[in-house]
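Heads up: the structure comes next, in structure tokens.
The values are calculated or read from the model by the stated rules, or taken from the named source; none is laboratory data. Here the structure is a predicted model, which is why all the values come from computation and not from measurement. Don't worry about glycine lacking a Cβ; one is built from the backbone with ideal geometry, like all the others, and counts go over all protein chains shown. For the accessible areas, the whole protein counts, side chains as well, though only heavy atoms, and no ligand, DNA or RNA atoms are used. Shrake-Rupley method; radii C 1.70, N 1.55, O 1.52, S 1.80 Å.
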Amino acid sequence: MDDEQQPRGHGALAGFTVGVTAARRADELGVLLRRRGAAVLHAPALRIVPLADDRDLLAATEELIARVPDVVVATTAIGFRGWVEAADGWGLGEPLLGGLRGAELLARGPKVKGAIRAAGLTEKWSPTSESMAEVLDRLLGEGVEGRRIAVQLHGEPLPGFVEALRAAGAEVVGVPVYRWMPPEDIAPVDRLLDATVSHGVDALTFTSAPAAASLLSRAEDRGLLPALLTALHHEVLPACVGPVTALPLQARGVDTVHPDRFRLGPLVQLLCQELPGRARALPLAGHRVEIRGHAVLVDDALRPVPPAGMSLLRALSRRPGWVVARADLLRALPGSGRDEHAVETAMARLRTALGAPKLIQTVVKRGYRLALDPAADSKYADPVQPISTGTSSGRGGQAL
């Protein structure tokens, strides 16, 4: 959404709630989202073990110093910097850098190039696509038989990368620069899962494949996996920073979106396009009404709406202009009971929140309907499937 198309005084994401699963750079992502008006629910799905505490990295570093590889593939800037810093802490910094100077250094992207150069080294090549697939194509094209290749692992799967090199005759040494572990406090993840399955968030963002896999695993442990997958298929947008991050979700049949450039800024811009495009806009009682996640735009004025009111509004918007019975609306309320008076209470609060009571009409002894403008009436002339069978609905009746 262009700036001139945004609601006056509000960002493109005003009225939407975005879940953030990132462990690192979560603050940066949260700031970018909030600047554009989003409410942010943060729950780190993983934590990163400090490099200096990782014995596997120490062993790999000692092995590479003892026998310098022909090629080193650096995949992330934070990982490369952390590797050098950890080596310094072990008293191995200079021997490691000396070994790397004698190897052919390949950098996956510009940030990794910056980290390599900051360490006083120079990369030989970096793909313009920032893709490991392009790195693999280059290595295989040059020929790798009998060559020793060190690959910086970064907590995300490298599908087929190591296997393809080994199949072509290379000796591959993995360098585990940091290790993903479950979060020490699982409560925020559980709250995010509960919000997702109840449609309390409009999008979930993922910046690493392990975070996506961890969230799916926790949902499965709690018996929420079917509900989570249903939400991600329909109501909640899964947005990944890149295609590798999306792999655990795609393995479960979940379609995801990702930006062309695998960075946080483009990821946020993608959400600014996708989420407003999914919101429903209706001409009601002479007003333009756009239904967003936890708020409604009424003629570009942002109106926060309580969860019960949003549930009623969504139920009514499925059949714009058609009467929805109180019994149907009662079932749409969160934690609905049997007393239809709860519908009347929630409806009164909804009208107050919208600031324009005439947007919703009461149809005597029947229910409620959205006051669809006559000019738009023909667009919604054919009724959609009712919320449930056995109840009456229609466009007739006296509106109050």
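Brief remarks on what is shown
- Largest-first ordering by accessible area, 1.4 Å probe, given options Ile149, Ile65: Ile65, Ile149
- Pair Gln250, His341: separation of 7 Å Cα→Cβ label points (nm): 5.5 nm
- Taking a Cβ cut-off of under 14 Å around Ser198, the surrounding Lys, Arg, Asp and Glu residues balance to a net charge of -1, with basic ones at +1 and acidic ones at -1.
- Under-5 Å amide H pairs with Val72, H placed in peptide plane, nonlocal only: Glu104, Leu105, Leu106, Ala150
- Listed values for the range 338-352 are Karplus-derived 3J(HN,Hα) couplings in whole Hz (6.51 cos²θ - 1.76 cosθ + 1.60, θ = phi - 60°), namely 10, 8, 5, 4, 4, 5, 4, 5, 5, 5, 4, 5, 4, 4, 5, and x replaces Gly and Pro.
- Rounded to 10°, Cα long-axis angle of helix 307-317 versus longest principal axis of the chain: 70 degrees
- Whole-Å distance, taken between Cα centres, linking the range 191-238 and the range 104-175: 32 Å
- The apolar share of the surface of the range 201-276, taken as the fraction of accessible area on carbon and sulfur atoms (1.4 Å probe, ligands and nucleic acids excluded), comes to 47 percent.
- From most to least packed by mean Cβ count within 10 Å, the peptides 265-273, 236-244 give 236-244, 265-273.
- Nearest 10 degrees, 0 to 90: helix 264-278 Cα axis against the chain principal axis: 20 degrees
- Unit charges at the beta carbon, dipole of the range 246-311: most positive-side option, Gly309, Val268, Leu249: Leu249
- FRET E, pair Trp90, Arg280, Förster distance 45 Å, beta-carbon r, rounded to 0.05: 0.20
- Hydrodynamic analysis of the range 215-280 uses the Kirkwood radius over alpha carbon pairs. Inserted into Stokes-Einstein at 4 °C and 1.567 mPa s, it gives a translational diffusion coefficient of 102 µm²/s.
- Among the protein heavy atoms of the range 299-379, carbon and sulfur supply 53% of the accessible surface, probe 1.4 Å, non-protein parts ignored.
- Net dipole in debye of the chain [+1 Lys, Arg Cβ; -1 Asp, Glu Cβ; about Cα centre; nearest 20]: 1660 debye
- The Cβ shell under 11 Å around Met347 holds other residues with a net charge of +1, Lys and Arg each +1, Asp and Glu each -1.
- Helix 26-35 vs. the chain, principal-axis angle (Cα, 0 to 90°, nearest 10): 40 degrees
- Inter-label distance, Arg261 to Leu97: 3.0 nm, where each label sits 7 Å from its Cα along the C-beta direction.
- Ranked by the mean number of other Cβ atoms within 10 Å of their residues, highest first, the peptides 208-214, 169-175 fall in the order 208-214, 169-175.
- Short-range pairs are left out: with C-alpha atoms under 8 Å and at least six residues apart, the relative contact order of the chain is 15 percent.
- Simple label model, 7 Å out from Cα along Cβ direction - Asp185 to Ala301, nm: 3.9 nm
- Given [x] 1.11; [y] 1.06; [z] 0.95, the label whose value is Rg/Rh (Cα atoms, Kirkwood Rh) derived from this model: [x]
- Surface per residue (accessible, 1.4 Å probe) for the chain, Å²: 46 Å²
- Rounded percent of accessible protein surface that carbon and sulfur make up, the range 86-197, 1.4 Å probe: 52 percent
- Computed on the Cα trace of the range 116-247, the radius of gyration divided by the Kirkwood hydrodynamic radius gives Rg/Rh = 1.08.
- Ranked by how many other beta carbons lie within 10 Å on average, peptides 189-197, 216-224, 294-302 from highest: 189-197, 294-302, 216-224
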